[in-house]
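Structure record follows, encoded as structure tokens.
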Amino acid sequence: MARERWDPELLPDLSGRSYLVTGANAGLGYFATEQLVRAGAGVVMTGRSPNRLATARAALHRRVPDAEPWQIETLLLDTSNLGSVRAAAATAGMRRRLDGLLLNAGIVHPPRERRTTADGNELVLATNVLGHFALAGALLTTLAAGGGRMVWVGSVSTSLWRYDPIDPQLAEGYTAWRAYVQSKVATTALGFAADRHLREAGVGVSSVVAHPGYAIRGRTPGILGVNEPSRGKRFVDNLQSPIAQSKEHGAWPLVRALVDPAIEGGEYWGPRWVTHGEPRRQTAAAITRDDEVAERLWHAAEDATGVRWPLAKAARVRR
């Protein structure tokens, strides 16, 4: 059981540890990266735009001037594109060890009309779920070498709308909101299923799910090229201050889920007051804890990505 005394603004020393964060050039991914770097960790920042990654890396060095150059690396990765995932995983997999994988990248505001990727998958599912499933599988043995952890990013929306992803690709009945919520149901369910599979196979990697609560841009510190909300956005978002928090604080549960050694695989973490507050262990929506739903989604992810996690190989890896 994780200890309750935890200061998200004063993390334990993470010197010598290495993490990979998807979608690290903005939002939750950026602030999670900043918090890890401040604690001494090395972070591989991934994103699909080289210019935005370079801007975010420069911002990190301005805001954390004591960070060593080697602590902040960048790697191109578009989670909606399985070819990009394979290429990034091949590069990241050359590392001797990887202590953690934060599966954060995603589409928060889906398109109004259904779109598909070059791989033929629905865009939101591909970006938020399938790319991360493929990446985690490809880096499993690297994580196992360091006894690492993977963290999947869920959403409070899964407790508000019970969308059973019987049709994960939403070939019928697509709406932007349903695409988003279903993707988060799938992400959370797969995070829990991953931990079960890892335990059963004897792999020394844990899988945890965390959600950021209601974290919005207008309540987030302004950073050139990373977070630049308009005055109107600031005004509207500040009206929601009783129930909302910044992206910086929204990253707290994600980071704790990634680095707190007392947290166990299969746990679910989020803000204390559901939408805001310091990180606490929570109970996920029932549908995300349904083993039948999870296994159905696991097989769907395998079929859509062509990836089978190398569980037996990872189990043989010694730390």
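Could you list, in sequence order, the residues of region 18-35 that are in a loop (DSSP other than H, G, I, E, B) and either under 13 Å from Val151 (Cα atoms) or aliphatic (A, V, I, L, M) (or both)?
Matches in region 18-35: Thr22, Ala24, Ala26.
Under the condition of being among the charged types (D, E, K, R) and out of contact with any Leu (no Cβ under 9 Å at 6 or more places or on another chain), the residues counted in region 19-71 number 5. Go through the residues of region 55-78 one by one and say whether even a single one is in contact (Cβ under 8 Å) with a residue 40 or more places away in the chain and under 26 Å from Gly204 (Cβ atoms). The answer is yes, given that some residue of region 55-78 is in contact (Cβ under 8 Å) with a residue 40 or more places away in the chain and under 26 Å from Gly204 (Cβ atoms). Within region 272-319, restricting attention to residues that are over 30 Å from Leu170 (Cα atoms) and touching an Asp or Glu at 6+ places or on another chain (Cβ under 7 Å), the residue that is surrounded by the most Cβ atoms within 10 Å (Cβ to Cβ) is Arg281. For region 97-106, a residue qualifies if it is aliphatic (A, V, I, L, M) and either surrounded by fewer than 19 Cβ atoms within 10 Å (Cβ to Cβ) or within 12 Å of the chain's Cα centre (by Cα) (or both), and the qualifying residues are Leu101, Leu102, Leu103, Ala105. Determine if region 139-157 includes at least one residue that is at pLDDT below 95, assigned to a strand (DSSP E or B) and not β-branched (Val, Ile, Thr). So far as region 139-157 goes, no, none of its residues is at pLDDT below 95, assigned to a strand (DSSP E or B) and not β-branched (Val, Ile, Thr).
Of all residues being more than 14 Å from Gly250 (Cβ to Cβ) and of a type in the set (A, V, I, L, M, F, W, C) in region 22-38, which is surrounded by the most Cβ atoms within 10 Å (Cβ to Cβ)? Just the residue, please. Looking at the filtered set, the residue picked out is Ala24. Residue pairs whose Cβ atoms lie under 7 Å apart, sitting 6 or more positions apart in sequence or on different chains, and linking a residue in region 259-282 that is closer than 30 Å to Glu200 by Cβ and polar (S, T, N, Q) to a partner that is buried (at least 19 other Cβ atoms within 10 Å of the Cβ) and at pLDDT 95 or above, are Gln282/Tyr268; Gln282/Trp269; Gln282/Gly270. Evaluate region 45-52: report whether one residue or more is closer than 23 Å to Met150 by Cα and out of contact with any helix residue (DSSP H, G or I) (no Cβ under 7 Å at 6 or more places or on another chain). Yes. I need the full set of residues from region 158-178 which are assigned to a helix (DSSP H, G or I) and either touching a Lys or Arg at 6+ places or on another chain (Cβ under 7 Å) or surrounded by 23 or more Cβ atoms within 10 Å (Cβ to Cβ) (or both), in order please. Thr158, Ala176, listed by residue number.
Just one of the numbered conditions (1) closer than 30 Å to Asp303 by Cβ; (2) surrounded by 23 or more Cβ atoms within 10 Å (Cβ to Cβ); (3) touching a strand residue (DSSP E or B) at 6+ places or on another chain (Cβ under 9 Å); (4) among the small types (Gly, Ala, Ser) is not true of Ala56: (1).
Scan region 5-21 and give yes if some residue there is aromatic (Phe, Trp, Tyr) and under 26 Å from Pro271 (Cα atoms), otherwise no. Yes, region 5-21 has at least one match. Might you let me know whether region 115-129 holds any residue that is in a strand (DSSP E or B), in contact with a helix residue (DSSP H, G or I) (Cβ under 8 Å, 6 or more places away or on another chain), surrounded by fewer than 24 Cβ atoms within 10 Å (Cβ to Cβ) and of a type in the set (S, T, N, Q)? Yes, some residue in region 115-129 is in a strand (DSSP E or B), in contact with a helix residue (DSSP H, G or I) (Cβ under 8 Å, 6 or more places away or on another chain), surrounded by fewer than 24 Cβ atoms within 10 Å (Cβ to Cβ) and of a type in the set (S, T, N, Q).
The number of residues in region 68-96 being surrounded by 19 or more Cβ atoms within 10 Å (Cβ to Cβ), over 20 Å from Gly148 (Cα atoms) and hydrophobic (A, V, I, L, M, F, W, C) comes to 2. Screening Pro8 against (1) closer than 20 Å to Val153 by Cα; (2) surrounded by fewer than 18 Cβ atoms within 10 Å (Cβ to Cβ); (3) touching a Gly at 6+ places or on another chain (Cβ under 6 Å) leaves a single unmet condition, (3). Flag not set for Asp99, criterion: within 18 Å of Val255 (Cα to Cα) and without any contact (Cβ under 8 Å) to a residue 24 or more places away in the chain. Number of residues in region 21-31 that are under 16 Å from Leu98 (Cα atoms) and touching a helix residue (DSSP H, G or I) at 6+ places or on another chain (Cβ under 6 Å) equals 1.
The values are calculated or read from the model by the stated rules, or taken from the named source; none is laboratory data. Because the structure is predicted, anything quoted here is derived from the model rather than measured. Here Cβ is always computed from backbone atoms with ideal geometry, including for glycine, and neighbour counts include all displayed protein chains.
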